[in-house]
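S.K.: Quick one: structure below, then a few questions.
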Amino acid sequence: MNDTKRSLLITSLSAASVIIMIIMYFNPIWWVALTAPNYPEAAFPDGVRINFHMNGVFNGCSLVVKDEIIEEEALDCVHEMDTINHYVGMYPIAAGGPIERGFSPFLITLLIIMVIAFAISDPKKRRMFLGAAFAFNAVWMTLTIYKTDGLNFQNEGYLYALMNQLDQDANDKTLGSVKAADSARALKQLRDSLAGKEVESMDDINDADENATAEEPELAEKQRLITQLKETYDIDFANQRVSDEWVGNGHQLMAWHYGKVLGRYFNNQDEIQPMVKVLRIATHVVFFGLIGAMLLLIVVGTRATKNPVYWLMILVPMALPVFFVIDYASWLWWYGHTLNDMGAFAVKPFMPTVFGEGKVAQFATFSYPSIGFGLMMLNSAILAAIALMRRKESL
């Protein structure tokens with residue numbers, strides 16, 4: 001194969017890799033399910049199932065349509081599994097991987113940039129591309145994590161998962177500003193009544209609401225989720241559960257959400273606050289670590305193709321399945337070995353099933369890769385082929 005054909009093939013495979021990683025991000029990577037006699041197959045054909053994505057944990061239960069079963073929507077199996085797990089002292093699922101989920105869009109973008117840069121053989125062109133692409137990723141990450149209202153730069157799926165994990169239905173469009181407005185209106189009516197003022201009639205209120213609804217455009221889905229998160233946060237601020245006013249960036253949201261889900265069943269702040277403090281520090285460490293990694297790749301990885309740092313740009317994305325399994329297994333170990341004493345049943349620390357089938361009490365457990373992990377493996381094979389072709393060029 002001549003150099004022209006090899007370069008064209010490397011470019012084509014690199015483009016395929018980029019597309020695969022984008023699709024992979026929006027698909028479940030792994031799934032976990034629980035089955036038990038009290039969850040009959042007729043109502044739970046897949047058991048109590050959840051799907052792990054790169055940006056969150058999502059419901060894996062589907063709507064059952066049968067004559068003898070009347071459901072308007074599928075059971076929220078993330079909440080159901082949290083309820084089951086808390087009896088033995090396990091923290092909610094949302095307590096796992098808060099940094100990984102919050103930084104997931106920047107991490108996957110970093111890997112995509114590395115794959116494209118590896119395909120560029122000319123060091124000068126590679127340096128120019130890396131400089132521009134990493135600058136974009138760094139600015140995007142900075143705005144999202146630290147800027148006021150930075151959540152506007154975060155992806156919708158991540159916000160949806162966070163909202164749902166607070167035991168609030170992220171699909172319920174009556175949540176948020178509508179309920180807040182109702183509460184404010186009720187308080188105003190009470191004050192007017194006590195002050196001897198004329199209280200606005202419900203007919204007038206309803207007419208005003210209908211006119212306002214007709215005049216005001218409906219909030220975009222992402223903005224609606226941010227509004228719901230803000231209003232939940234403001235309640236905690238009013239009750240002095242948090243000390244800082246809402247600024248709406250990723251750093252604040254991750255820390256608050258982490259502390260809130262940790263305390264959902266076991267509200268022991270003496271244990272929770274040190275964990276939240278560690279997460280705050282870890283957020284800064286990961287942020288500056290990613291900035292440092294991008295600078296290293298620009299300075300060193302743009303030299304000759306025999307440079308070891310240059311090869312990291314293909315080896316790191318290629319090893320993504322390994323990194324995922326290690327991270328996934330580590331968090332499962334944490335769940336099974338960080339059991340809260342406030343659980344209803346005392347059990348010995350244990351290692352949940354990483355792959356395959358297991359058993360905990362009367363529950364059968366299932367843990368298997370999903371379509372996203374298959375795409376991840378396919379991507380690794382493609383990247384391995386690119387690396388071999390590039391290696392032949394350098395010999």
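The values are calculated or read from the model by the stated rules, or taken from the named source; none is laboratory data. Predicted model only: the values in this text are computed from it and were never measured. With ideal geometry, Cβ positions are generated from the backbone for all residues, glycine too; neighbour counts draw on all protein chains shown.
S.K.: Could you check, for the stretch 102-116, whether at least one of its residues is surrounded by fewer than 16 Cβ atoms within 10 Å (Cβ to Cβ) and more than 20 Å from SER17 (Cα to Cα)? So that I can check it myself, show each step before the final result.
M.R.: First, pick out the residues of the stretch 102-116 that are surrounded by fewer than 16 Cβ atoms within 10 Å (Cβ to Cβ): none.
The answer is no, given that none of the residues of the stretch 102-116 is surrounded by fewer than 16 Cβ atoms within 10 Å (Cβ to Cβ) and more than 20 Å from SER17 (Cα to Cα).
S.K.: From ALA364, ALA344, ALA384, grab the single residue that is in contact (Cβ under 8 Å) with a residue 24 or more places away in the chain and in contact with a Ser or Thr (Cβ under 7 Å, 6 or more places away or on another chain).
M.R.: On the way: ALA344 fails: in contact with a Ser or Thr (Cβ under 7 Å, 6 or more places away or on another chain); ALA384 fails: in contact with a Ser or Thr (Cβ under 7 Å, 6 or more places away or on another chain).
So the residue among ALA364, ALA344, ALA384 that is in contact (Cβ under 8 Å) with a residue 24 or more places away in the chain and in contact with a Ser or Thr (Cβ under 7 Å, 6 or more places away or on another chain) is ALA364.
S.K.: Scanning for something assigned to a loop (DSSP other than H, G, I, E, B), surrounded by 13 or more Cβ atoms within 10 Å (Cβ to Cβ) and modelled with pLDDT of 95 or more, does the stretch 282-296 turn up at least one residue? Break it down stepwise before answering.
M.R.: Keep residues of the stretch 282-296 that are assigned to a loop (DSSP other than H, G, I, E, B), which gives none.
Checked the stretch 282-296: no residue is assigned to a loop (DSSP other than H, G, I, E, B), surrounded by 13 or more Cβ atoms within 10 Å (Cβ to Cβ) and modelled with pLDDT of 95 or more.
Yes/no per residue for (1) without any contact (Cβ under 8 Å) to a residue 12 or more places away in the chain; (2) small (Gly, Ala, Ser); (3) over 26 Å from MET54 (Cα atoms):
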site: ASP327; (1), (2), (3): no, no, no
site: SER330; (1), (2), (3): yes, yes, no
site: GLU357; (1), (2), (3): yes, no, no
site: MET377; (1), (2), (3): no, no, no
site: LEU388; (1), (2), (3): yes, no, yes
site: ARG391; (1), (2), (3): yes, no, yes
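S.K.: If I filter the stretch 304-318 for residues that are in contact with a Pro (Cβ under 8 Å, 6 or more places away or on another chain) and closer than 21 Å to TYR87 by Cβ, do I get at least one hit?
M.R.: Looking for residues that are in contact with a Pro (Cβ under 8 Å, 6 or more places away or on another chain) and closer than 21 Å to TYR87 by Cβ, one finds none in the stretch 304-318, hence no.
S.K.: Is it the case that ASP46 is at pLDDT 85 or above, out of contact with any Ser or Thr (no Cβ under 6 Å at 6 or more places or on another chain), within 25 Å of ILE371 (Cβ to Cβ) and surrounded by 21 or more Cβ atoms within 10 Å (Cβ to Cβ)? Give the derivation first.
M.R.: Details: at pLDDT 85 or above: yes; out of contact with any Ser or Thr (no Cβ under 6 Å at 6 or more places or on another chain): yes; within 25 Å of ILE371 (Cβ to Cβ): yes; surrounded by 21 or more Cβ atoms within 10 Å (Cβ to Cβ): no.
No; evaluated as a whole, the condition is false for this residue.
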